[in-house]
Amino acid sequence: MSTAIQNQYQAAKVLYSGFGIDVDRVLETLSRVKISIHCWQGDDVHGFLRNEALSGGISVTGNYPGAARTPQELRCDLEKALSMIPGKHKVNLHAIYADTKEQVDLDQLEPRHFETWVEWAKKQGLGLDFNPTCFSHPKFQDGFSISHPNPEIQEFWIKHCKVSRKIAEYFGRELQQTCVTNFWFPDGFKDVPIDRMAPRKRMKEALDKVFAEKIDPQFNVDAVESKLFGIGSESYVVGSHEFCMSYALKNNKVICLDAGHFHPTETISNKLSALALFDTQILLHVSRPVRWDSDHVVIMDDELQEIAKELVRNQLLDKVHIGLDYFDASINRIAAWIIGSRNMIKALLRAMLEPTDMLRKAELGADFTTRLAILEELKSYPFGAVWDYYCQQNQVPVREAWLTEVKQYEAEVLQKR
C-alpha cells in the first residue's frame, strides 16, 4: 500500500474522529453496499435476441466505437469495468440479453437461456437483477404493451412478464442473492387522450395476473417503475407515479424511483423519507436527466449527494436497492460504467462521513447556525483521502489511474471490433 495514501488516510481519520466518526467502521459499512450495474450501457440497449431498432421511449445517441456485439464481449467489458470499481456488486440484465442460439421470443424465455450469465456471475462473485423488456418489439404496437386493448397483444406481454419472474427466481436461488425484477412499461399516448382510466384499468388487471404466482422473496422481489413522459408518450403515460406508487403500496411491491422520470423540478431524494415511512422497499434507478429523461452518466452533482445523504441519514441502505440506469454512446462505454459507479459509491462515502447525530441534535434545538456551519466546513474535509485508501484497499486504481487501463483496453480490444 502506498505510504502517502496511508499517511493521508490516517490524517483524515484524526480529523473525522473530532466529530466522533469511526472511519474504519464507515469503510466496513460501505463495503457491504451493492450497486446494481446496468448491462445495457455496454451495447446501447440492443440486446442479443432480435435485431430490432430501439422503440418505445428509448433512444441512445452517439456512435463511439467498440459496443459489445455478443454476450461474451459484453461480459468481458463488464469484467474490465468491475475491476475498476471497489466492492462486490450486482449486474442488472434486461430480458433481451438472453445468451442463446435458439430463435426464441420474449414470451418463451426460460432460465436455461441465461445459464451462462449465472455461471459467470458465480465466478465473479456477483448478484444479478432482471427486467422484462417491453419495448423494441413488433408487439409493442400503437404505443402500448401490457395495457394494449387487443387481448392477444396484451396476453403476450403478460406471459413475458410471468416468465421474467421465473428467470429472476432462478437467479436468486442459484446465486443466493435476492434478484430485484423491475417492471417498466412505456405505454402511453403522444397526444392528449380521451380516456385516461381504461388503459390504467387494463394495466392494473394485467399486473394482477403477472404477480398472481407467489415467489419466495428470498429469491425475487418485484418492483414497478413510473414515468412522467417519454418519446411518443409526451401527453400521457399509463404507469404514472401515482399509479405505480398506489399499486406497489397496495400489493406489497417495491416502488422504483428513476431520477429522470419526474418533472425537471422534482427530485427523488425528497421522496425517499416519505415512502420509507410506509414499510416498503424502494428501488432506485440513479441516472442524470439533462432537461428531460436523457440518461446521462451519473456525476457527483447535488442531487446524487442528496440521494446518498437521505439513504445514510435515515438508515435506509437495508431497504433501498441502488441501481444505475443510463446509456451514453458518445463516450467510451466502459468509462461510463466506471464513472457512474464510482460516483455513486463516493456519494455514499461522503454521506457516511457526516456527523448525522450532531447535526440532527442541532436541528432539533433550532441551532440552525451550527447546522449550516458544520455542513459547509465538511465540504473541505479530506473525504478524497478516505476514498483513495478505500480504492487501494480494494485493489482498484486510485484516482484517474483507471483511465489509462481503459484507454489501453480500448486500443487492444474495442477498436478491433
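Odds and ends about this structure:
- Look at (1) within 22 Å of the chain's Cα centre (by Cα); (2) outside any helix (DSSP H, G or I); (3) farther than 30 Å from C134 by Cβ and you find that F19 fails only one, number (1).
- Residue that is surrounded by the most Cβ atoms within 10 Å (Cβ to Cβ), among those in segment 365-376 that are small (G, A, S) and outside any helix (DSSP H, G or I): G365
- Selection status of L82, surrounded by 20 or more Cβ atoms within 10 Å (Cβ to Cβ) and either farther than 25 Å from H160 by Cβ or at pLDDT below 95 (or both): yes
- Scan segment 25-53 for residues that are in a loop (DSSP other than H, G, I, E, B), under 16 Å from R333 (Cα atoms) and not acidic (D, E) and the total you get is 3.
- Flag if K139 is part of a loop (DSSP other than H, G, I, E, B), touching a helix residue (DSSP H, G or I) at 6+ places or on another chain (Cβ under 7 Å) and surrounded by fewer than 21 Cβ atoms within 10 Å (Cβ to Cβ): yes
- For segment 377-417, residues that are assigned to a helix (DSSP H, G or I) and closer than 30 Å to F19 by Cα total 13.
- Residues satisfying the stated conditions in segment 397-417, i.e. surrounded by 14 or more Cβ atoms within 10 Å (Cβ to Cβ) and either of a type in the set (S, T, N, Q) or under 23 Å from G87 (Cβ atoms) (or both): P397, V398, W402, L403, E405, V406, Y409
- Matching residues in segment 1-23 - criterion: being more than 24 Å from K361 (Cβ to Cβ) and without any contact (Cβ under 8 Å) to a residue 12 or more places away in the chain: T3, A4, N7, Q10
- Checking W337 against (1) crowded, with 16+ Cβ neighbours inside 10 Å; (2) touching a Phe, Trp or Tyr at 6+ places or on another chain (Cβ under 9 Å), the condition it does not meet: (2)
- Considered as a group, the residues in segment 190-225 that are among the small types (G, A, S) and within 19 Å of H160 (Cα to Cα) include one that is surrounded by the fewest Cβ atoms within 10 Å (Cβ to Cβ), and that residue is A212.
- Out of L249, L272, L257, one residue alone is modelled with pLDDT of 95 or more and either surrounded by fewer than 21 Cβ atoms within 10 Å (Cβ to Cβ) or out of contact with any strand residue (DSSP E or B) (no Cβ under 8 Å at 6 or more places or on another chain) (or both). It is L249.
- Tally of residues being out of contact with any Asp or Glu (no Cβ under 6 Å at 6 or more places or on another chain) and either closer than 28 Å to D301 by Cβ or aromatic (F, W, Y) (or both) across segment 233-257: 16
- Against the test of being in contact with a Leu (Cβ under 9 Å, 6 or more places away or on another chain), touching a residue at least 24 places away in the same chain (Cβ under 8 Å) and within 23 Å of K227 (Cα to Cα), the options F114, F130 yield a single qualifying residue, F130.
- Meets criteria (farther than 21 Å from S136 by Cβ, among the aromatic types (F, W, Y) and more than 17 Å from the chain's Cα centre (by Cα)) for F229: no
- Every listed requirement among (1) closer than 25 Å to E310 by Cβ; (2) out of contact with any His (no Cβ under 7 Å at 6 or more places or on another chain); (3) in contact (Cβ under 8 Å) with a residue 40 or more places away in the chain is met by L372 save one, (3).
- Residues of segment 100-115 satisfying the condition of being of a type in the set (A, V, I, L, M, F, W, C) and either under 14 Å from C161 (Cβ atoms) or within 25 Å of the chain's Cα centre (by Cα) (or both): L106, L109, F114
- Within segment 106-129, the set of residues being of a type in the set (A, V, I, L, M, F, W, C), assigned to a helix (DSSP H, G or I) and in contact with a Ser or Thr (Cβ under 9 Å, 6 or more places away or on another chain) comprises L106, F114.
- Options A329, A362; residue that is of a type outside the set (D, E), surrounded by fewer than 22 Cβ atoms within 10 Å (Cβ to Cβ), in a loop (DSSP other than H, G, I, E, B) and out of contact with any strand residue (DSSP E or B) (no Cβ under 6 Å at 6 or more places or on another chain): A329
- Conditions (1) modelled with pLDDT of 95 or more; (2) in a loop (DSSP other than H, G, I, E, B); (3) under 20 Å from the mean Cα position of the chain (by Cα); number of the one not met by G57: (1)
- Qualifying residue in segment 318-326 (condition: in contact with a strand residue (DSSP E or B) (Cβ under 8 Å, 6 or more places away or on another chain) and surrounded by fewer than 17 Cβ atoms within 10 Å (Cβ to Cβ)): yes
The values are calculated or read from the model by the stated rules, or taken from the named source; none is laboratory data. Source: prediction; values computed, not measured. So basically every Cβ, Gly included, is an ideal-geometry build from the backbone, and we count neighbours across all protein chains shown.
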